[in-house]
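Remarks on the structure that follows.
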Amino acid sequence: MKKLLFVLLFLLILPISSSAQEKKSFIYFYADWCSYCQKVNEFFQKNEIYKMYNVEKLNFDEPENKTKLLNLFQEKNYLKQAGIPTILIDDQILSGDQDIISYFQNQFPEKKTKEKTSEDKTGGLNIPIWVLIGAAFVDASNPCAIAVLVLLLATVINAKGKKYALLSGFMFSLAIFSSYFLMGIGVYKAIGAFGIPRYLSLGVGILAVILGLANLKDVFWYGRVFIMEVPLSWRPKMQEIIKKATSPWSAFGIGFLVSLFLVPCASGPYVVILGMLAKKVNMTNALMLLVLYNLIFVLPMILISLAMYFLNARMGKIEEWRKNNLRWLHLIASVILLILGFYLIFNKL
């Protein structure tokens with residue numbers, strides 16, 4: 001009788017132990033400050049990965065874990081630079097939130113379909129395109145960017161003529177585009193590295209509202225206390241630099257330098273968009289959106305250059321129009337930024 005009970009008990013325990021042994025394991029390298037790790041963690045929790053797998057979580061901030069990860073990358077001859085989030089599963093390395101999430105989505109097709117359906121609702125970009133275009137338009141209509149180009153074209157026309165001025169306008173626009181694109185990538189990665197996704201929407205929303213109110217101040221009290229343009233104290237030095245641009249290549253080089261002067265008056269909306277991208281958009285889509293944003297940003301520069309060459313537009317007339325419409329330009333910027341800010345705050349994008 002005792003032998004029979006023992007056999008029955010063994011038969012009951014065997015399936016349970018076999019099931020436990022079949023539960024797969026993986027090592028997960030992470031850090032609390034890493035926003036990409038937080039995305040992976042949210043995915044794991046939402047899809048119950050922690051319940052289905054035995055997960056060994058190793059904090060990257062601990063020196064021994066950092067060393068272990070570096071050794072693991074070298075041992076597996078993994079070509080990418082060692083970083084987080086990273087998992088070791090089935091003797092293979094997966095690094096980056098997209099690779100990790102895609103791997104588990106492929107393990108569970110029904111979950112992948114659910115995630116894909118959610119992504120399709122936003123066109124795979126996870127950020128309303130009107131928000132990005134609106135912010136880019138604010139930058140594009142910024143009066144200080146237009147003033148810089150007008151001064152440049154006038155300088156080159158006097159030195160070399162219209163043909164060189166057209167090429168210089170294009171090269172200057174290319175330099176501004178390249179500079180802001182590279183700065184955008186840097187800020188995007190920095191925000192992603194420090195990662196505060198819970199409060200990021202609120203923060204960039206408040207920033208947009210503050211910038212909107214600052215532009216509104218320039219509509220009614222232009223020049224008082226501060227202005228949302230290149231600071232007056234910086235302008236003589238900026239003009240001195242621009243007046244040295246007498247060829248397309250010098251215009252390109254000076255464009256990089258001048259972009260630093262534009263940061264105080266043309267970077268606010270950009271930072272707002274970068275904050276949204278860092279929270280919601282992966283690197284591949286972020287690069288495409290940064291290209292679109294900066295193309296819109298430099299579009300007025302290209303159009304003014306074309307108008308100068310083909311329509312004989314005079315730089316003095318354009319500069320006069322700019323000065324006469326400063327308050328309207330600030331009003332447009334103010335309205336768009338306030339709408340964008342309140343949208344972010346109340347919708348928690």
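Go through the stretch 294-349 and report how many residues are among the basic types (Lys, Arg), in contact (Cβ under 8 Å) with a residue 12 or more places away in the chain, on the phi < 0 side of the Ramachandran plot and not in a helix (DSSP H, G or I).
Result for the stretch 294-349: 0.
Scan SER118, SER95 and give me the residue that is among the hydroxyl-bearing types (Ser, Thr, Tyr) and either over 25 Å from the mean Cα position of the chain (by Cα) or modelled with pLDDT of 70 or more (or both). Outline the logic, then answer.
On the way: SER118 fails: either over 25 Å from the mean Cα position of the chain (by Cα) or modelled with pLDDT of 70 or more (or both).
Answer to the check: SER95.
Let's see how each residue does on (1) β-branched (Val, Ile, Thr); (2) at pLDDT 85 or above; (3) within 22 Å of ALA190 (Cα to Cα); (4) surrounded by 15 or more Cβ atoms within 10 Å (Cβ to Cβ):
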| site | (1), (2), (3), (4) |
| --- | --- |
| PHE256 | no, no, yes, no |
| LEU262 | no, no, yes, yes |
| LYS279 | no, no, yes, yes |
| LEU306 | no, yes, no, no |
| MET315 | no, no, no, yes |
| ARG322 | no, no, no, yes |
| LEU329 | no, no, no, yes |
| ILE336 | yes, no, no, yes |
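Does LYS237 satisfy the criteria of being at pLDDT below 80 and in contact with a Leu (Cβ under 7 Å, 6 or more places away or on another chain)?
no
Can you name every residue in the stretch 27-85 that is touching a Leu at 6+ places or on another chain (Cβ under 6 Å) and in a helix (DSSP H, G or I)? Walk me through how you get there before you give the answer.
First pass over the stretch 27-85, keeping only residues touching a Leu at 6+ places or on another chain (Cβ under 6 Å): 27, 29, 65, 82.
Passing the criteria: only ASN65.
Based on this model, can you work out whether VAL291 counts as of a type in the set (Val, Ile, Thr), farther than 16 Å from ASN142 by Cβ and at pLDDT below 75?
no
In the stretch 50-67, which residues are of a type in the set (S, T, N, Q) and within 12 Å of LYS24 (Cβ to Cβ)? Even if it seems obvious, please write down each step before you answer.
At the first step, the residues of the stretch 50-67 found to be of a type in the set (S, T, N, Q) are 54, 59, 65, 67.
Within the stretch 50-67, just ASN54 meets the criteria.
The values are calculated or read from the model by the stated rules, or taken from the named source; none is laboratory data. The model shown is predicted, which means the values in this text are computed figures rather than measured ones. In this analysis, Cβ positions are derived from the backbone assuming ideal geometry, glycine residues included, and neighbour counts consider all displayed protein chains.
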